1. What residue, of Val178, Val183, Val132, Val196, is modelled with pLDDT of 95 or more and within 21 Å of Phe38 (Cα to Cα)?
2. Phe111: at pLDDT 95 or above and in the same structural domain as Leu140 (by TED's automatic domain parsing), yes or no?
3. Any chance you could count how many residues in segment 112-148 are part of a loop (DSSP other than H, G, I, E, B), surrounded by fewer than 16 Cβ atoms within 10 Å (Cβ to Cβ) and on the phi < 0 side of the Ramachandran plot?
4. Looking at segment 58-81, can you tell me whether even one residue there is among the charged types (D, E, K, R) and more than 14 Å from Phe42 (Cβ to Cβ)?
5. It is to be established whether one or more residues within segment 83-90 are touching a strand residue (DSSP E or B) at 6+ places or on another chain (Cβ under 8 Å) and closer than 29 Å to Arg152 by Cβ.
6. Scan Ala45, Ala41 and give me the residue that is within 28 Å of Phe165 (Cα to Cα), in a loop (DSSP other than H, G, I, E, B) and at pLDDT 95 or above.
7. Of all residues being outside any loop (DSSP other than H, G, I, E, B) and touching a residue at least 60 places away in the same chain (Cβ under 8 Å) in segment 149-162, which is surrounded by the fewest Cβ atoms within 10 Å (Cβ to Cβ)? Just the residue, please.
8. Out of everything in segment 276-318 that is touching a residue at least 24 places away in the same chain (Cβ under 8 Å) and of a type in the set (D, E, K, R), what residue ends up being farthest from Phe191 (Cα to Cα)?
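The values are calculated or read from the model by the stated rules, or taken from the named source; none is laboratory data. None of these values were measured; they are calculated from a predicted model. With ideal geometry, Cβ positions are generated from the backbone for all residues, glycine too; neighbour counts draw on all protein chains shown.
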Amino acid sequence: MKKIFGILFVIFLISCGKSDQTEREIAKIKVNLDVRRFDLAFASATRTDLPVLKEKFPYLFPAQFPDSVWYHRMEDTLQKELFSEVRKKFTGFGSFKTEMTDLFKHVKYYFPELTVPNVVTITSDVDFRNRVIYADSLMLIALDNYLGKDHRFYEGIQDYIRADFEPENIVVDVAGEVSTREVPLPSDHSFLARMVYFGKKLYLDHLFLPQYPKHTIMHYSEEQYDWAEVNEEEIWRYFVERDLLFSTDSKLRERFIDPAPFSKFYLELDNQSPGRLGRFIGWQIVTSFMENNEVSLREMLDMPAQDLFNKSRYKPKK
């Protein structure tokens, strides 16, 4: 037993050494991240300032909208209140810029060809389905979606959705948009393929943000992540015993993949469980694969789900 422990300890030290070396290399990467606060500029603008704003941010002023639309937005009482709340919450953006710079250093390490986007902060009338928009060399971050889950602007929005409206999720959501571009969509519609797809995304997110706790990467509370870990074996047994892995039943996505207040096993424990447990299991499968195979990150991302699963040697923690 002592010998086994000694071997495991040596493996742990080697793993930590590689990780430390990787982080030292990443720290040397040069990233010049440009963050522009359009939300503040527009909030303090008057009608006479509109031509200057349109010149600086032409991509935010679609040609089909007349100037009267923007005049109304500048002077609307509700918009002014929204601008005020965003300004109070995000008086500065320095810490977020630092974290995003570190994020894109990691991105550049793993994907050197990727262009670091220009970041522009905006407001979006709480369009929470589009909190972050990543298009080519531009990334838009709608700050009115990160005022804190209990903010009065979010009354009427379901609790499990509001839980993501915390400032600390900004950088996680940015990482998620980058990983979405790098992970190919699955070629089949099986439950396993969907789990592995999101598992790849979460694996990438954690590579990009290694200092973030796993529950934050997963958009879980600590308690929710602990529940998933403690019950991992039972979750996996449920999937296997009911032959769900290769099922193409679209309801499985709603039950275990899509955001939801809880996962739907149709058992008494449902209300105790967090949603999206299929994504959690997918992350464990991908992690197991990378621990048991010598392949590049790109090879893993491009690998079909069933091949990856077959070579993963995944066994749920007991």
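1. Val132
2. So Phe111 passes the test.
3. Qualifying residue count for the region: 6.
4. yes
5. Checked segment 83-90: at least one residue is touching a strand residue (DSSP E or B) at 6+ places or on another chain (Cβ under 8 Å) and closer than 29 Å to Arg152 by Cβ.
6. Selected residue: Ala45, the only one of Ala45, Ala41 that is within 28 Å of Phe165 (Cα to Cα), in a loop (DSSP other than H, G, I, E, B) and at pLDDT 95 or above.
7. Asp159
8. Restricting to residues being touching a residue at least 24 places away in the same chain (Cβ under 8 Å) and of a type in the set (D, E, K, R), the top hit is Lys318.
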